[in-house]
Amino acid sequence: MAGPVTIRPATVADVQLLHGAIKSMAVGMGAADRVKSTPADLSRHGFGAHPEFEALIAEADGAFAGMCLYLPSFSTWRGKPGIYVQDIFVEPQFRGRKIGELLLQATARRAREKGAAYLRLSVDVDNHGAQGFYTHLGIVWSQSERIHGIDGDAFAALAEQDIGQER
């Protein structure tokens, strides 16, 4: 019989666990080469004076079982704050024990306590298992939106572009 699962806030001491989970998730998606972050990045940006994100850690049977990393969001249309789940991961040996569900539930609860009214996340197009999992929890795909992104040199060029309007 499996022991209880505990969920706790991540601390700076957990950055290696968080980063390891992010790398494992990327490997599972065939995208290991896309992870450019380091544990130092997570430490600096998540646990400094102005944290850019929060994370919850799931532990089961005395071991790291998973994590959920999320950040604040705001909807101008709703007029309310929310959260964006950036990453959620459950170690393979702990899957099937509702740890992902417990992590999302705890994340939503913590966010609601801070005034959040909604949760958003993105799912890889080919990750049908995750899509079904989220749908089962009532987290539905928004057919009216598409995520667009820019990074790297293109982001730098956009930021540095002089279009003569900003003074």
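The values are calculated or read from the model by the stated rules, or taken from the named source; none is laboratory data. Worth saying up front: this structure is predicted, and the values here are computed from it rather than measured. Cβ: placed from backbone, ideal geometry, glycine included. Neighbour counts: every protein chain shown.
Side notes on the structure shown:
- Complete set of residues in region 55-91 that are under 14 Å from A116 (Cα atoms) and in contact (Cβ under 8 Å) with a residue 12 or more places away in the chain: Y70, L71, P72, S73, S75, R78, K80, P81, G82, I83, Y84, V85
- The set of residues in region 2-26 that are among the aliphatic types (A, V, I, L, M) and surrounded by fewer than 12 Cβ atoms within 10 Å (Cβ to Cβ) comprises A2, A13.
- Selection count where residues are outside any strand (DSSP E or B) and more than 12 Å from A21 (Cα to Cα), scope region 85-103: 11
- Checked against (1) under 13 Å from I57 (Cα atoms); (2) in contact with a helix residue (DSSP H, G or I) (Cβ under 9 Å, 6 or more places away or on another chain), P92 passes all but condition (1).
- Within region 115-150, the only residue that satisfies the criterion of being among the basic types (K, R) and modelled with pLDDT of 95 or more is R120.
- Top-ranked residue in region 1-24 [being of a type in the set (V, I, T) and part of a helix (DSSP H, G or I); ranked as farthest from K36 (Cα to Cα)]: V12
- Residue match in region 96-113 (condition: exposed (fewer than 10 other Cβ atoms within 10 Å of the Cβ) and at pLDDT 90 or above): yes
- Test: residue in region 144-162 that is of a type in the set (A, V, I, L, M, F, W, C), surrounded by fewer than 10 Cβ atoms within 10 Å (Cβ to Cβ), closer than 20 Å to Y70 by Cα and under 18 Å from the mean Cα position of the chain (by Cα): yes
- With respect to (1) touching a strand residue (DSSP E or B) at 6+ places or on another chain (Cβ under 9 Å); (2) surrounded by 12 or more Cβ atoms within 10 Å (Cβ to Cβ); (3) part of a loop (DSSP other than H, G, I, E, B), the lone exception for S37 is condition (1).
So that you can scan it fast, the table gives a plain yes or no per residue for (1) aliphatic (A, V, I, L, M); (2) in contact with a helix residue (DSSP H, G or I) (Cβ under 8 Å, 6 or more places away or on another chain):
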{"residue": "L17", "(1), (2)": "yes, no"}
{"residue": "R34", "(1), (2)": "no, yes"}
{"residue": "R44", "(1), (2)": "no, no"}
{"residue": "H50", "(1), (2)": "no, no"}
{"residue": "L56", "(1), (2)": "yes, yes"}
{"residue": "L69", "(1), (2)": "yes, yes"}
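- When residues in region 120-145 are screened for being assigned to a loop (DSSP other than H, G, I, E, B) and in contact with an Asp or Glu (Cβ under 8 Å, 6 or more places away or on another chain), 1 of them pass.
- G82 being modelled with pLDDT of 95 or more, farther than 20 Å from Q16 by Cβ, small (G, A, S) and touching a Ser or Thr at 6+ places or on another chain (Cβ under 8 Å): yes
- Consider region 30-50 and keep the residues that are charged (D, E, K, R) and farther than 11 Å from V12 by Cβ. The one that is farthest from the chain's Cα centre (by Cα) is D33.
- Sole exception among (1) without any contact (Cβ under 8 Å) to a residue 12 or more places away in the chain; (2) part of a loop (DSSP other than H, G, I, E, B); (3) of a type in the set (D, E) for D153, by number: (2)
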